[in-house]
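S.K.: Below you will find the structure I want to go over with you.
The values are calculated or read from the model by the stated rules, or taken from the named source; none is laboratory data. As the structure is a prediction and not an experimental result, all values here were calculated from the model. Note that we place each Cβ from the backbone using ideal geometry, even for glycine, and neighbour counts take in every protein chain shown. For the accessible areas, the whole protein counts, side chains as well, though only heavy atoms, and no ligand, DNA or RNA atoms are used. Shrake-Rupley method; radii C 1.70, N 1.55, O 1.52, S 1.80 Å.
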Amino acid sequence: MPKLKVDGIEVEVPAGATVLQACELAGKEIPRFCYHERLSIAGNCRMCLVEVKPGPPKPQASCALPAADNQEIFTASEMVKKAREGVMEFLLINHPLDCPICDQGGECDLQDQSVAYGRGESRFHENKRAVTEKYMGPIVKTVMTRCIQCTRCVRFAEEVAGVPEIGAIHRGENMQITTYLEHAAKSELSGNVVDLCPVGALTSKPYAFEARPWELKKTLAIDVMDAVGTNIRIDSRGRQVLRVVPRINDDVNEEWASDKTRHAVDGLVRKRLDKPYLRKGGKLVPASWDEAFAAIAKVAKGAAGSVAAIAGDQLDCETMFAARALVAALGGTQLEGRQGGLDYDVSSLSAVNFNSTIAGIETADAILLVGTNIRWEAPLINTRIRKAIKKGAKVWVIGPDLDLTYKVTHLGNDAAVLAALPDEVVEAFRSAHRPALIMGGGALAVEGVHGAALAAVETLGLIRDGWNGFNVVHMAAARMGGLMLGFAAKGGVKAIAASEPKLLFLMGADDVPFDLFGKSFKVYVGHHGDKGAHAADVILPGAAYTEKSGTYVNTEGRVQRGDKAVFAPGDAREDWTILRALSDVLGKPLPFDSFEALRAAMVAAVPALGQEGLVDYGWKAPKLAAKPKKGEIGLPMKDFYLTNAICRASPTMERCSAELIHGADFAEAAE
């Protein structure tokens, strides 16, 4: 490990570290534009200059210079100060003075570093160059005259997203960054280039001219658009959420977020339920809370325990626990969270968990994907698999042949293949150090595939000392929490429908086959006028994930908590308060009067939900039939951008779906 001095401070750094990393280890701030910890080194902005001895008597770019023994680094010498001022002066030659109208204002690296390291004045008075705007799709707004060619967006698209559609054309002063043929960037992660851009060249198109960063209230929360559990920050002003940005969590999402996570938020103010509704004469009409509760009480009185609850994909654990308590108080036992109709064995939660962990999968060296479009179902797990491939991992796929942004060996789309894997695949897995199998919702929907996958644990040697390579990737943020709380009826939704419950609570459930519940009195507790509300007999307006605190468990069994950012609109209330008030009317008061008391009761019932972090389920493989039926494996997700009620209410997601999935053309204003 090299030892060197940084401004007289002796530091020891790992082999292969750069001088920039050594300076940071010594507590010295080094300005940079092109360098980013999660991208390859470009060394083209020259802002990170330092003085190095022994070495040539000139400043050197610290991001690309390897740290070595006996080096002496100077980060604040007169040479370095003058060099940085010169670089900043050159960077600002063509950069327009757009700060008053630029959305990056207030959180712009160029602003901050020009103040900290610039001259304070320019000696250049020539006309600035102008660059024509580029089109990058519905998510990214471009003002390319501001671009300083740091190439962060280019490297992100190629290395992380795996969709190398952004690049540079022309040379020298005429160099421009653009997408391929100026088409929309077709990546589920394209919005991350806005965070990466150190100037205002790439900004968020839906957020354009909405607010300045100092106007916003910042709330720490957890994303519910998929089961990854992306750590997010909700930025709100007044009662409206204006944007969502990712928080750094190296164990979950690193510092990325999918486009759905970022930009579905404009759906939070559209198609909202803000008052109760009651079905009269076949039509839903506005009602008071008392009228709605009275209608439910009338049905509950004659239900005699024939009560069930189905949880939606975005529910927090506290709401599910309150629903469970109310159903139990009414004498019911039927709970389900797999609203799409899946029915798989949940006697062991480790057998339906992502056991390798999200961060751990990037260390796998042989991966078998079964019935999953992981690029859509969990984009941030897909980026981890790309990392594993860069380290030498090989990937095989059973299921539809898709573009997953990396090279795979396709074994066919017959479920029976899993029970009779080719010898070379078995041998590759047995000789691997960290083999992994990843099942998706498409595989779980086929009878026998879950059992065949569990049988493959032994065949492929998926479990070793310190390694469990058996993984199930869920698509719903509420799935693992729901399974921990017992929302998994034997036989699934169809079994509940067959029992014809007299009273059915739909807790934000919009994708249930409602035609199966024609004889049930349906109470929808949710936040959007989507499919569930249209099928309901009573609608009780609830709160979206941004409007309540809650506990969520992601696909790897990680317990995380989010805070309330804004209030629900109109007469809408937090879901648990609705259930608590209803329980009084039904004469079955629930034993909690505050959110803290509710959470305490939930933790007492399921202690694992009280400890943030990974839950250790303990590996236990149930014995299941391991002979899948022959036939194609389908994929449950048909449109990445329209998977839930919030997305379907979002104009941005609708446009992304139309343009990026279905190929619709949208003329720009200039056209």
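S.K.: Of (1) exposed (fewer than 15 other Cβ atoms within 10 Å of the Cβ); (2) under 30 Å from V352 (Cα atoms), G663 satisfies all except one. Which?
M.R.: (2)
S.K.: Does P100 fit the bill of being under 30 Å from R123 (Cα atoms), in contact with a helix residue (DSSP H, G or I) (Cβ under 9 Å, 6 or more places away or on another chain) and not charged (D, E, K, R)?
M.R.: No, not satisfied.
S.K.: So for region 44-61 (the condition being in a loop (DSSP other than H, G, I, E, B), in contact with an Asp or Glu (Cβ under 7 Å, 6 or more places away or on another chain) and among the small types (G, A, S)), does at least one residue qualify?
M.R.: Looking through region 44-61, none of the residues is in a loop (DSSP other than H, G, I, E, B), in contact with an Asp or Glu (Cβ under 7 Å, 6 or more places away or on another chain) and among the small types (G, A, S).
S.K.: Here's something else I'd like to know. It is to be established whether one or more residues within region 513-524 are more than 24 Å from L582 (Cβ to Cβ), among the basic types (K, R) and either at pLDDT below 95 or part of a helix (DSSP H, G or I) (or both). It would help to see each step written out before you state the result.
M.R.: Restricting attention to region 513-524, the residues satisfying the condition of being more than 24 Å from L582 (Cβ to Cβ) are 513, 515-516.
Next, from what is left, pick out any that are among the basic types (K, R): none.
No, there is no match, as no residue in region 513-524 is more than 24 Å from L582 (Cβ to Cβ), among the basic types (K, R) and either at pLDDT below 95 or part of a helix (DSSP H, G or I) (or both).
S.K.: Continuing with the same structure: Could you look through region 599-641, keep only residues that are in contact with a Cys (Cβ under 9 Å, 6 or more places away or on another chain) and among the hydrophobic types (A, V, I, L, M, F, W, C), and pick out the one that is farthest from L349 (Cα to Cα)?
M.R.: F640
S.K.: Looking at region 21-39, which of the residues that are of a type outside the set (K, R), out of contact with any strand residue (DSSP E or B) (no Cβ under 8 Å at 6 or more places or on another chain) and under 24 Å from G200 (Cβ atoms) is most open to solvent (accessible area, probe 1.4 Å)?
M.R.: In the first step, residues of region 21-39 are kept if they are of a type outside the set (K, R); the result is 21-27, 29-31, 33-37, 39.
Adding the requirement that they be out of contact with any strand residue (DSSP E or B) (no Cβ under 8 Å at 6 or more places or on another chain) leaves 21, 24, 29, 31, 33-37, 39.
This time we only want the ones that are under 24 Å from G200 (Cβ atoms), so: 29, 31, 33-37, 39.
On the way: E29: 139, P31: 3, F33: 0, C34: 2, Y35: 15, H36: 14, E37: 110, L39: 15 Å².
The residue in question is E29.
S.K.: It is to be established whether one or more residues within region 123-137 are touching a Phe, Trp or Tyr at 6+ places or on another chain (Cβ under 7 Å), assigned to a loop (DSSP other than H, G, I, E, B), open to solvent by 20 Å² or more (accessible area, probe 1.4 Å) and without any contact (Cβ under 8 Å) to a residue 40 or more places away in the chain.
M.R.: Of the residues in region 123-137, the ones touching a Phe, Trp or Tyr at 6+ places or on another chain (Cβ under 7 Å) are none.
The answer is no, given that none of the residues of region 123-137 is touching a Phe, Trp or Tyr at 6+ places or on another chain (Cβ under 7 Å), assigned to a loop (DSSP other than H, G, I, E, B), open to solvent by 20 Å² or more (accessible area, probe 1.4 Å) and without any contact (Cβ under 8 Å) to a residue 40 or more places away in the chain.
S.K.: Do any helices (runs of 4 or more DSSP H) lying entirely in region 287-378 carry at least 1 residues that are in contact (Cβ under 8 Å) with a residue 60 or more places away in the chain, within 22 Å of S499 (Cα to Cα) and open to solvent by less than 10 Å² (accessible area, probe 1.4 Å), and which ones are they?
M.R.: Because the criterion is at least 1 residues that are in contact (Cβ under 8 Å) with a residue 60 or more places away in the chain, within 22 Å of S499 (Cα to Cα) and open to solvent by less than 10 Å² (accessible area, probe 1.4 Å), the helices (runs of 4 or more DSSP H) in region 287-378 that meet it are 289-301, 317-329.
S.K.: If you check A453 against the conditions, is it open to solvent by less than 10 Å² (accessible area, probe 1.4 Å), part of a helix (DSSP H, G or I), in contact with a strand residue (DSSP E or B) (Cβ under 9 Å, 6 or more places away or on another chain) and hydrophobic (A, V, I, L, M, F, W, C)?
M.R.: Criteria met by A453.
S.K.: On to the next question. Out of K283, K275, which single residue is touching a Gly at 6+ places or on another chain (Cβ under 8 Å), open to solvent by 40 Å² or more (accessible area, probe 1.4 Å) and farther than 28 Å from K494 by Cβ?
M.R.: Only one candidate qualifies: K275.
S.K.: Give region 227-243 a look and list any residue that's more than 17 Å from A568 (Cα to Cα) and open to solvent by less than 10 Å² (accessible area, probe 1.4 Å), or say none.
M.R.: A227, V228, G229, T230, I232
S.K.: If you don't mind, another one. As an exercise: evaluate K407 against (1) surrounded by fewer than 19 Cβ atoms within 10 Å (Cβ to Cβ); (2) among the basic types (K, R); (3) under 21 Å from V352 (Cβ atoms) and give the number of the one condition it does not meet.
M.R.: K407 satisfies every listed condition except (3).
S.K.: Now for a separate question. Among the residues of region 540-551, is any among the small types (G, A, S) and open to solvent by 10 Å² or more (accessible area, probe 1.4 Å)?
M.R.: Yes - at least one qualifying residue is present in region 540-551.
S.K.: Evaluate region 68-86: report whether one residue or more is under 30 Å from Y641 (Cβ atoms), assigned to a helix (DSSP H, G or I) and open to solvent by 40 Å² or more (accessible area, probe 1.4 Å). I'd like the intermediate steps shown before the answer.
M.R.: Going residue by residue through region 68-86, those that are under 30 Å from Y641 (Cβ atoms) are none.
No; the residues of region 68-86 include none that is under 30 Å from Y641 (Cβ atoms), assigned to a helix (DSSP H, G or I) and open to solvent by 40 Å² or more (accessible area, probe 1.4 Å).
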